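K.L.:
Quick one: this structure, given as structure tokens, is what I'll be asking you about.
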Amino acid sequence: MEKVVNTVRGPIATEELGKTLIHEHFAFGYPGFDGDVTLGGVDWEAALQTGIEVAEKAKAHGVKTIVDATPNDCGRNPELLKEISERTGVNIVCSTGYYYEGEGAPNYFKFRNVVSDAEQEIYEMFIREITEGIGKTGIKAGVIKLASSKNEITDYEKMFFRAAAKVQRETGVPLITHTQEGTMGPEQAEFLVAEGADPSRILIGHMDGNTDVGYHIRVLQTGCSVGFDRMGIQGFVGMPMDSEKLVVLLGLINAGYEEQILLSHDTVNVWLGRPPVWPEQLAKLLENWHITYVFDTIIPQLKEKGVTEEQIDQIMVKNPARMFGVHTKVEV
Ligand SMILES: [Zn+2]
């Protein structure tokens, strides 16, 4: 078995991925959290304890691998992930990438682009973090995280998309994306495929933010997969109700697209900086936003509607394995 998947504890074979949650965050902060050191701050020891509890809960449902989709500019911490993984035995895959222009920290690479060629620098950063390691940690990133704005992939964001497509052609690393408020899914897929990326290794994320089946079909027709990866988020960041997402999900499975669907929650288990206190109504809507909701509720509901064990296995095990599978370099 060729060990081709970079986890925070080292490379593993695709066969070892097992049941996978493809988009979660052990810890996440909006850029700026690290300036709020006096009244906010981060207790990394507490974050470790929470991370261990979360990984154990997922493991109790048979989860073998969790992909942490935290961008570099939102508090990504590979050493935290490594420690959680070592203490629980759950594989964790760390990302490399920057968040979308509106909520990320675009100023750095915008400045780099004035004095240099930022796209080339981003390409080199991706390559280095995937093949040698992140900073001095020796921990390698295993996926590239990409993100676009509402109704637009900005010029800033396109630098990351083009660099990522190039790195994927060379290394095979899977690409997972953030779409904002149910927009730009098809455009992301078409852009990446036009740049020569392999659609079978691309997950267009947060597609459950849009309940229009036509929107999903446009992505699926490119060969890319769709992420119903915000299960449990309702009425926040533009997400529809889970009951509405489920109708679309079931429709796509029944139409035979189960080889191109992945499920996850996009949980934020620790907020870096001050933890949010949700208004009462929103707290109620978000009560299922946790690491086992897909297993407690979504999968049982799918089975009730006739989805088979084999189809669930396809979605939770085989599709992630395909995205990370053995890759042959594409010369362009
Ligand atoms: Zn996310």
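Read the figures in this text as sums done on the coordinates, not as results from a lab. Here the structure is a predicted model, which is why all the values come from computation and not from measurement. Ideal geometry is used to build each Cβ from the backbone, glycine not excepted, and the neighbour counts take in all protein chains shown.
K.L.:
State which residue is surrounded by the most Cβ atoms within 10 Å (Cβ to Cβ) when the search covers only region 191-228 and only residues that are of a type in the set (Val, Ile, Thr) and part of a strand (DSSP E or B).
P.N.:
So the residue we want is 204.
K.L.:
Report, by residue number, each residue of region 138-151 that is closer than 17 Å to residue 237 by Cβ and out of contact with any helix residue (DSSP H, G or I) (no Cβ under 8 Å at 6 or more places or on another chain).
P.N.:
Passing the criteria: 145, 150, 151.
K.L.:
Only one of (1) in a loop (DSSP other than H, G, I, E, B); (2) within 16 Å of the ligand (Cβ to nearest atom); (3) closer than 15 Å to residue 188 by Cα is not met by residue 237, so which one is it?
P.N.:
(3)
K.L.:
Got at least one residue in region 13-26 being part of a loop (DSSP other than H, G, I, E, B) and within 16 Å of the ligand (Cβ to nearest atom)?
P.N.:
Looking through region 13-26, at least one residue is part of a loop (DSSP other than H, G, I, E, B) and within 16 Å of the ligand (Cβ to nearest atom).
K.L.:
While we're looking at this one, here's another question. Mind listing just one residue for me: the one in region 126-158 that is more than 17 Å from residue 7 (Cβ to Cβ), of a type outside the set (Val, Ile, Thr) and within 19 Å of the chain's Cα centre (by Cα) and, of those, nearest to the ligand (Cβ to nearest atom)?
P.N.:
My answer is 147.
K.L.:
Pairs please, first residue from region 78-97 and at positive phi, second anywhere and surrounded by fewer than 19 Cβ atoms within 10 Å (Cβ to Cβ) and assigned to a helix (DSSP H, G or I), Cβ atoms under 8 Å, 6+ apart in sequence or on different chains.
P.N.:
Sorted first by the residue in region 78-97, then by its partner, the pairs are 89/59.
K.L.:
I need the full set of residues from region 27-53 which are more than 16 Å from the ligand (Cβ to nearest atom) and outside any loop (DSSP other than H, G, I, E, B), in order please.
P.N.:
34, 35, 44, 45, 46, 47, 48, 49, 50, 52, 53
K.L.:
A further question follows. Being surrounded by 20 or more Cβ atoms within 10 Å (Cβ to Cβ) and more than 20 Å from residue 71 (Cα to Cα) is the filter here; which residues of region 175-190 pass it?
P.N.:
Correct list: 186 only.
K.L.:
Additional query: What is the one condition in (1) in contact with a helix residue (DSSP H, G or I) (Cβ under 6 Å, 6 or more places away or on another chain); (2) under 26 Å from residue 165 (Cβ atoms); (3) not charged (D, E, K, R) that residue 291 does not satisfy?
P.N.:
(2)
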